[in-house]
Amino acid sequence: MNRTILNKEISPIGLGCMNLSWAYGTPPDDKQKVRLLNEALDLGYQHLDTANIYGQGANEELLRDAVMHRRPEFLLATKTGIIVDGPRRGIDCSPTAILDSLDQSLKRLGTDYIDLFYLHRFDHSTPIADSIGAMSQAIEAGKILGYGVSEWNAEHIREAHAIHPMSAVQTEYSLWTRNPELGVLAATKELGVALVAFSPIARGALGGKLRDPTTLEVNDLRRSHPRFNAENWSKNLLLINKFDEIAMREGLTSAQLALGWVLAQGTHIHAIPGTTDLDHLRSNAEISGASIDTSVLEKVDQLINQGTVHGHRYPVVMRATIDTEDYS
């Protein structure tokens, strides 16, 4: 069943495109990337999510080359605000940075408008009114249709929304990352803002395949995440094995059960799992129209949650960039 975002009714399962260019080991070759993106559209995916920092712009260029000839078929989302430029690291959501970055993204994407433009992180050095003013200016210019924010807390979301209504909030949300339940989930529902869940399959932990994080490539981002280290993983794997058993009994893939749980937490929720595997792409799409018994959802909710999972969701160095409410 479709759900609303940017006043459009689309499938609640979109595609996070990051790992086609960056973060989770060696990306597929160009031919495979193009095939997967077009297959996604053929399967009915209507929401493609990227960012200017994914592969230092390469991910946006990939979408340009692979699917921009099919532009009317999908909602296009990208992001700005995180600075990764040689030795320069940080967050810049100043008006000048936002508008300059937007023009660069439009050029890389090969389009004259972006449906949904996110502030990728919260900038403590720039007043919210200034950042949202730039977003409003971009909307008035027709360069974006709406704006969103990523990993912001409920208070800041409300403040921004009061200045100019936002269309979406993107945040990590899955059975094992429950931070939105501390405020963002309720705020987005109340304001009528779509919540877009990234990493809804727990960065692959609930995908039914990963058994030993030491087999991940050395450049895989998960190697630095506490939940995947040797001490925590051995405990988390016990939960994952039980979760996989439940999914199998229900005739679902583990990923489908993880996605089904996320979507069941609110009718305003969308999910953007990433994958480089065509079979996973197909099975993930199927869950958008499926119905999972409430008792099953309650069972996995009790099995995997903030109280049962071991380790923080982010390494210490990354936590300072996150504005979303956190567990003490």
In region 41-61, how many are open to solvent by 50 Å² or more (accessible area, probe 1.4 Å) and assigned to a loop (DSSP other than H, G, I, E, B)? 2
Considering only region 23-38, I want to know if a residue exists there that is modelled with pLDDT of 95 or more and under 27 Å from HIS268 (Cβ atoms). yes
So which residues in region 6-50 are aliphatic (A, V, I, L, M) and over 22 Å from ARG223 (Cα atoms)? LEU6, ILE10, ILE13, LEU15, VAL34, LEU36, LEU37, ALA40, LEU41, LEU43, LEU48
Which residue pairs have Cβ atoms under 6 Å apart, sit 6 or more places apart or on different chains, and have a first residue in region 95-117 that is among the hydrophobic types (A, V, I, L, M, F, W, C) and a second that is open to solvent by 10 Å² or more (accessible area, probe 1.4 Å) and in a helix (DSSP H, G or I)? LEU109/ARG64
Search result, residues across region 162-179 that are in a loop (DSSP other than H, G, I, E, B), open to solvent by 20 Å² or more (accessible area, probe 1.4 Å) and either in contact with a Ser or Thr (Cβ under 9 Å, 6 or more places away or on another chain) or among the polar types (S, T, N, Q) (or both): HIS164, SER167
Please count how many residues of region 188-198 are outside any helix (DSSP H, G or I) and open to solvent by 20 Å² or more (accessible area, probe 1.4 Å). 2
Do you know which residues across region 118-161 are in a helix (DSSP H, G or I), open to solvent by 20 Å² or more (accessible area, probe 1.4 Å) and over 21 Å from GLU172 (Cβ atoms)? ALA129, ASP130, GLY133, SER136, GLN137, ILE139, GLU140, GLU159
Every residue from region 35-76 that is closer than 18 Å to HIS280 by Cβ and basic (Lys, Arg): ARG35
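Here is a yes/no grid of residues against (1) part of a helix (DSSP H, G or I); (2) open to solvent by less than 10 Å² (accessible area, probe 1.4 Å); (3) on the phi > 0 side of the Ramachandran plot:
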{"site": "GLU181", "(1), (2), (3)": "yes, no, no"}
{"site": "ALA186", "(1), (2), (3)": "yes, no, no"}
{"site": "PRO200", "(1), (2), (3)": "no, yes, no"}
{"site": "ARG203", "(1), (2), (3)": "yes, no, yes"}
{"site": "LEU210", "(1), (2), (3)": "no, no, no"}
{"site": "ARG223", "(1), (2), (3)": "yes, no, no"}
{"site": "GLU231", "(1), (2), (3)": "yes, no, no"}
{"site": "LYS235", "(1), (2), (3)": "yes, no, no"}
What's the total number of residues in region 81-117 that are surrounded by 13 or more Cβ atoms within 10 Å (Cβ to Cβ), β-branched (Val, Ile, Thr) and out of contact with any His (no Cβ under 9 Å at 6 or more places or on another chain)? 4
Take the residues in region 276-328 that are of a type in the set (Asp, Glu) and open to solvent by 30 Å² or more (accessible area, probe 1.4 Å), then tell me which one is farthest from CYS93 (Cα to Cα). ASP293
Of all the residues that make up region 68-91, how many are in contact (Cβ under 8 Å) with a residue 24 or more places away in the chain and over 16 Å from GLY57 (Cβ atoms)? 6
Between a first residue in region 29-42 that is touching a residue at least 12 places away in the same chain (Cβ under 8 Å) and a second residue that is small (Gly, Ala, Ser), which pairs have beta carbons less than 7 Å apart while being 6 or more apart in sequence or on different chains? LYS33/ALA66; VAL34/ALA66; LEU37/ALA66; ASN38/ALA66
Tally up the residues in region 62-85 that are outside any strand (DSSP E or B) and in contact with a Leu (Cβ under 8 Å, 6 or more places away or on another chain), please. 10
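The values are calculated or read from the model by the stated rules, or taken from the named source; none is laboratory data. Not measured: the values here are computed from a predicted model. Every residue, glycine as well, gets a Cβ built from its backbone with ideal geometry; the counts of neighbours run over all protein chains shown. Just so you know, the surface numbers come from the protein's heavy atoms only, side chains and all, with ligands and any DNA or RNA stripped out. Shrake-Rupley method; radii C 1.70, N 1.55, O 1.52, S 1.80 Å.
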